[in-house]
1. Residue by residue through the range 13-29, note down the ones that are assigned to a loop (DSSP other than H, G, I, E, B) and of a type in the set (S, T, N, Q).
2. Can you report the number of residues in the range 134-175 which are within 16 Å of the ligand (Cβ to nearest atom), small (G, A, S) and either more than 18 Å from Q98 (Cα to Cα) or surrounded by fewer than 21 Cβ atoms within 10 Å (Cβ to Cβ) (or both)?
3. Could you check, for the range 61-80, whether at least one of its residues is among the small types (G, A, S), under 24 Å from L134 (Cα atoms) and modelled with pLDDT of 95 or more?
4. Being more than 24 Å from P195 (Cα to Cα) and free of Cβ contacts under 8 Å to residues at least 40 places away in the same chain narrows it down to one residue among D168, D105, D159; which is it?
5. How many residues does the range 146-168 contain that are farther than 13 Å from V114 by Cα, in a helix (DSSP H, G or I) and in contact with a strand residue (DSSP E or B) (Cβ under 6 Å, 6 or more places away or on another chain)?
6. I want to confirm something. Restricting to the range 30-58 and keeping residues that are within 20 Å of N216 (Cα to Cα) and part of a loop (DSSP other than H, G, I, E, B), which single residue is farthest from the ligand (Cβ to nearest atom)?
7. Taking the condition of being of a type outside the set (D, E), at pLDDT 95 or above and in a loop (DSSP other than H, G, I, E, B), how many residues in the range 178-216 meet it?
8. Which residues, counting only those in the range 95-120, are surrounded by fewer than 22 Cβ atoms within 10 Å (Cβ to Cβ), modelled with pLDDT of 95 or more and either outside any loop (DSSP other than H, G, I, E, B) or among the hydroxyl-bearing types (S, T, Y) (or both)?
Amino acid sequence: MSIAENLQNVHNRLPQNVTLVAVSKTKPVSFIEEAYAEGQRIFGENRPLEMRDKHAELPEDIQWHMIGQLQTNKVKYIAPFVSLIHSVDRESVLKEIQKRAAQHDRVIDVLIQVHIAQETTKAGYSIDEADALLNSDYLSQFPNVKVVGLMGMATNTTDETQVTSEFDKLNQLFTKHQSSANLTYLSMGMSNDYPLAIANGANMVRIGSTIFGSRN
Ligand SMILES: *Cc1c(COP(=O)(O)O)cnc(C)c1O
């Protein structure tokens, strides 16, 4: 199957209100060009230098989404152009995004990453920490950072009950704060679990291998 066909198949399974982030990490520029020719404009990367290099080679109307855990010393490479950072998981990252966004006279949209999985290797604020953060006025210290939603990754398991309960937990947090905190996006779901994520409230999905093929 071609990238074009894979993309079409994914689109056929997405409701109208769900935004697709095509996760192109590790894949060559030519793959992104193929998806771009089909109309895809949002691409997800997890390494700042790789994103910077691809951004330099590809059309300016691509919206680049950072989905990987960020080292603070690498925020500067993406700050001039990044469209949405899904992976704000600690205060040092917030501070650095604020600093770099201000240098470029931009407001950078971000999602708060929330830890909902069982694996401890996955990053993010706990549900309680994210809840407290959204209840406080702490975020007003970062005028060049705009929190526009939440992101989460479920446990990598075939146990659908487990995955459903994790997505549902994050959806409840999202719904609770949606209007008061002005949240727009709930980013949940990858190749192996996006239908479940959508069934549990996701309106943004991050899909890589189903579109571009498996990674090494
Ligand atoms: C790699 C990655 C994805 C995409 O994973 P696939 O299984 O290839 O769809 C989604 N979200 C994050 C945070 C990732 O790192």
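The values are calculated or read from the model by the stated rules, or taken from the named source; none is laboratory data. Values in this document were obtained by computation on a predicted structure and should not be read as measured data. Cβ placement follows ideal geometry from the backbone for every residue including glycine, while neighbour counts extend to all protein chains displayed.
1. Q16, N17, S24, T26 - these are the residues of the range 13-29 that are assigned to a loop (DSSP other than H, G, I, E, B) and of a type in the set (S, T, N, Q).
2. Kept after step one, since they are within 16 Å of the ligand (Cβ to nearest atom), are these residues of the range 134-175: 149-158, 163, 166-167, 170.
Next cut, small (G, A, S) only: 149, 152, 154.
Okay, now just the ones that are also either more than 18 Å from Q98 (Cα to Cα) or surrounded by fewer than 21 Cβ atoms within 10 Å (Cβ to Cβ) (or both), so 152, 154.
Selection size over the range 134-175: 2.
3. Applying the first criterion (among the small types (G, A, S)) to the range 61-80 yields 68, 79.
Still in the list and also under 24 Å from L134 (Cα atoms): 68, 79.
Restricting the remaining residues to those that are modelled with pLDDT of 95 or more gives 79.
Checked against the condition, which is being among the small types (G, A, S), under 24 Å from L134 (Cα atoms) and modelled with pLDDT of 95 or more, the range 61-80 yields at least one hit.
4. On the way: D168 fails: more than 24 Å from P195 (Cα to Cα); D159 fails: more than 24 Å from P195 (Cα to Cα).
After ruling out the rest, the residue left standing is D105.
5. Count: 0.
6. Among those that are within 20 Å of N216 (Cα to Cα) and part of a loop (DSSP other than H, G, I, E, B), it is R47.
7. Going through the range 178-216, the residues of a type outside the set (D, E) turn out to be 178-192, 194-216.
Among the residues that remain, those that are also at pLDDT 95 or above are: 178-192, 194-214.
Cutting the leftovers down to in a loop (DSSP other than H, G, I, E, B) gives us 178-184, 189-192, 200-203, 208, 213-214.
Here the count works out to 18.
8. Scanning the range 95-120 gives K95, E96, Q98, K99, R100, A102, Q103, D109, H115.
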